[in-house]
Amino acid sequence: MTIEDFIDKFAFAIEVDTNTLAPDTHFKTLPSWDSLNTLAVIAMADADYGVTVTGRDIEAATTVADMWAVVSSKCVATE
Amino acid sequence: MNAITGVALRAVAAATPARVVRTADYTYLNPDERRRFQKATGISERRIVAAGQCASDLCLTAAKAVLEHLGWDPASIGALILITQTGDQPVPATSIVLQDKLRLPQSCLAFDINLGCSSYPYGLAVVGSMIRTLGIARALLLVGDVSSRVCAEHDKSAWPLFGDAGSATALELDENAPPIHVDLCSDGAGKDAIIIPGGGLASRLPPVDGHLVDATGSDGVQRHAGNLVLRGADIFSFAISRVPGSIQRAMSASGRAAQDFDFLLLHQANKMINDTIARKLGFAPDRVPTSIEHYGNTSSASIPVTLCANAELFAMPRWVVASGFGVGLSWGSATFQLPAASVLPCIASDDVY
């Protein structure tokens, strides 16, 4: 469970090259970002980490690292 | 919840408008957005009513089909329940108008229920319980919506998702029928996830004879207060986190495990949601029939539409677990047996009654 691994999964979910993402990437400013990506991120968090991310969690996040903080803290909470 | 015993499902029919509207032709999304939309939702086309056709018309077409299929005299029907969120008018209840249009007897009880995507398990519970406790011999459960009539066409978050459909399920008192088990849930704290904010008294808006004015929502989409607002991400996380548990509870109440059911029938909101739920419950894709590709999200009617769109799978008796989830938030699951050849193929009809 590392942020690098999370970035790979995040990139795959939203169909961008993993090299275009870094922890400090403002993912909602990506040209291809839209509401379908929101669903893809929720699905990825469920399938790969077994946690439920909400629409509000994604609204509140700015960077990929913010999303990783949400997912990793939910993983700890469910352990 | 207790089982509903001694009530048999006899026939299921679904009717959709004939007109096909394709995702590929939706100009408010660019070609790449359309491709991604289709991949995520699974929707390539939908059936949309022309102005003038109502949910009641589609349900009536389906009701006629089940009556004819079973050879039932309309005079033998003791209950007609319609579940819809797109009735003909605010008052009176559309089901009562349908009692007359279907020439059902005046001894037939009729009322509407206001539910959406969770309608089918709720409907089976309500109609099954009434048949059983009131000793009603035969009943019709009608479930349908014309969601296209309440969505703004330029609203990318809602318009390309919904198809229109109506359905009819015939149920009968039968001491030998296998039990129906249900699990029914509600969470009003999620009311804003799918809402038509105007038109009711709580909106504090002018009554309907005032002009409806467009306003821009927090998502940047222009709508008027009579339009449906859908927050897809909230629905998505609700569905994948809370629906599997409901299905599990209905299955364990029935004393059957996932492998004992022939098919899992899910509300057709989104392919990603349903793939996730099926995976969590251990149902392989070949045991999860779909209709979303050709009919879209048909709201309350989605489970009967999915049955009818796959009618060939139901030539023999089948055990089914079905789950509906969405607007409310409201969700529920039901386990039941469908007798051989009780599912009629989808009917395309533009009939208006």
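Assorted remarks:
- The protein assembly as shown - share of DSSP beta bridges that are antiparallel (%, nearest 5): 70 percent
- Once the Cα gyration tensor of chain A is diagonalised, semi-axes √(5λ) in Å: 18, 13, 12
- Between B:Asp351 and B:Glu175, the contour length at 0.36 nm per residue exceeds the Cα-Cα span by 59.7 nm.
- Pairs of Lys residues in the protein assembly as shown are counted when their Cα atoms are under 29 angstrom apart and they lie 8 or more places apart or on different chains; the count is 25.
- Derived scalar couplings ³J(HN,Hα) [region B:155-167; Karplus, 6.51 cos²θ - 1.76 cosθ + 1.60; whole Hz; x for Gly, Pro]: 7, 5, 7, 9, 3, x, 8, 9, x, 9, 6, x, 9
- Under a 5 Å amide H cut-off, with hydrogens placed 1.01 Å from N, B:Arg10 pairs with B:Ala170, B:Leu171, B:Glu172 among residues at least 5 apart or on other chains.
- Once the Kirkwood radius over Cα pairs is known for the protein assembly as shown, the Stokes-Einstein relation at 10 °C and 1.306 mPa s delivers a diffusion coefficient of 71 µm²/s.
- In range of the label at B:Thr5: residues from region B:166-184 whose backbone nitrogen is under 12 Å from the point 7 Å along Cα→Cβ: B:175-180
- Over every Cα atom in region B:180-335, the radius of gyration and the widest Cα-Cα span, Dmax, amount to 17.9, 55 Å.
- Counting DSSP beta bridges with both ends in chain B, the antiparallel % (nearest 5): 70 percent
- Chain B: proportion of alpha-carbon pairs further apart than 36 angstrom, %: 15 percent
- Each label was represented as a point 7 Å from its Cα along the Cα-to-Cβ direction; for B:Ser186 and A:Asp24 these points are 5.1 nm apart.
- Dipole moment magnitude, nearest 20 debye, region B:139-193 about Cα centre, only Lys, Arg, Asp, Glu C-beta charged: 280 debye
- For region B:327-353, the residues whose amide N sits under 19 Å from a probe point set 7 Å from the Cα of B:Ser44 along the beta carbon direction are B:346.
- A simple spin-label model places pseudo-atoms 7 Å from Cα toward Cβ; at A:Phe12 and B:Thr27 they are separated by 3.9 nm.
Each value in this text was obtained by applying a stated rule to the coordinates, not by laboratory testing. The structure presented is a predicted model; accordingly, all values stated were derived computationally and were not measured. All Cβ positions, even for glycine, are placed from backbone atoms using ideal geometry, and neighbour counts span all protein chains on display.
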